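Here's the structure we're looking at; comments come further down.
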Amino acid sequence: MKALVLSGGGSKGLAHIGVIKAIEEKKLKFDFIVGCSMGSLVGSLYALGYSSDAIKSMAILLVSQNILTFKLSLSEFFDSKKIEMMLDEIFGDKQFKDTKIPIYITAVDLLTYHHIVFNSGYLKYAIRASISLPLVFKPVMMNGRVLIDGGIFETLPLSVAKKLGANYIVAVNVVGSLSENIFIEGADEMKQIDYGFIKTALNSIYILQRSQIQHTISSYKPNILINVDTSDIDPLNFKIDLNDIIERGYKTAKEVLK
């Protein structure tokens, strides 16, 4: 079976739209899709039968709305109600059974540390769980589980595709990877800096995700790996040049798939 696996990555994940455009041009067909976080959102639209152009139109809605409104609370730093309203507007009552291509959406249970994979029910609820990055959006409760972003476990969910029976995998990584170099330096002086708690915490998560992706790729070795360079893009910045990031995904995928 042939699987398309889409990574998380916040606003970086909008590059998946360009990748899908290249896939359309090559007329590639998949038996199923596995999506994590933003990859679950874009992947669900593709699974429902929307073209890359139609998905781009919906992304314009996402970019035009200020979905990340700061909200200092014990459970989240951004107001999750806005993203929930947007998901409801886009997906309505569409369910997994409505998709033209089966899709599997990943999340993580905070109570058991289990990797959760959704394949039934309402798409908007599964996506909401999958994008619940700690500190950004509060977790959601479903089936007695407290669920957070699937990227905490596996940002590029290749293991899920393998366990579901895929023997040919096209994987799209928009998160990036870490340098394999080591830097040997002397601890000769130290200065105190005010870097910011939120930025420190989120950047720490991003470092872990990049390290995890490198391990996942080396362990599961996808047949085709599309690495889109988004190193200059802040994953929480949705006020970005949408055409630019989609074009990056398209050009990279077109080169890899030629």
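No value in this document is a laboratory result; all are computed from the given coordinates. No experiment lies behind these values; they were computed from the predicted model shown. Virtual Cβ from ideal backbone geometry, glycine too; neighbours counted across all protein chains shown.
Quick rundown of the values:
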quantity: Cα-based equivalent ellipsoid, the range 32-163: semi-axes from gyration tensor eigenvalues, Å; calculated: 21, 20, 12
quantity: Projected area, mean over directions - the range 1-63, Cα convex hull, nm²; calculated: 3.8 nm²
quantity: Reciprocal mean inverse distance between Cα atoms of the range 99-256 - Kirkwood radius, Å; calculated: 17.8 Å
quantity: Of all DSSP beta bridges in the chain, antiparallel share, percent nearest 5; calculated: 40 percent
quantity: Sites excluded, GluC sites (Glu not before Pro) in DSSP loops with at most 16 other C-beta within 10 Å, longest stretch of the chain; calculated: 1-179
quantity: Set of lysines near LYS191 by C-alpha distance (under 19 Å), chain-local residues within fewer than 8 positions excluded; calculated: LYS199
quantity: Mean separation of Cα contacts under 8 Å (6+ apart) over length of the chain, as relative contact order %; calculated: 30 percent
quantity: Inter-site label distance for LYS82 and LYS239 at 7 Å from Cα along Cβ, in nm; calculated: 1.0 nm
quantity: GNM result for the chain, Cα springs below 10 Å: residue of ALA161, ALA187, ALA47 fluctuating most strongly; calculated: ALA187
quantity: Straight-distance crosslink candidates among lysines, where the alpha carbon sits under 21 Å from LYS254 and sequence neighbours closer than 8 are dropped; calculated: LYS2, LYS12, LYS21, LYS26, LYS27, LYS29, LYS56, LYS221
quantity: Highest-first arrangement of 145-152, 26-33, where packing means the average Cβ count within 10 Å; calculated: 145-152, 26-33
quantity: Residue-count net charge about LEU61 - beta-carbon cut-off 15 Å; Lys, Arg +1, Asp, Glu -1; calculated: 0
quantity: Environment charge at ASP244 (Cβ cut-off 11 Å; Lys +1, Arg +1, Asp -1, Glu -1); calculated: -1
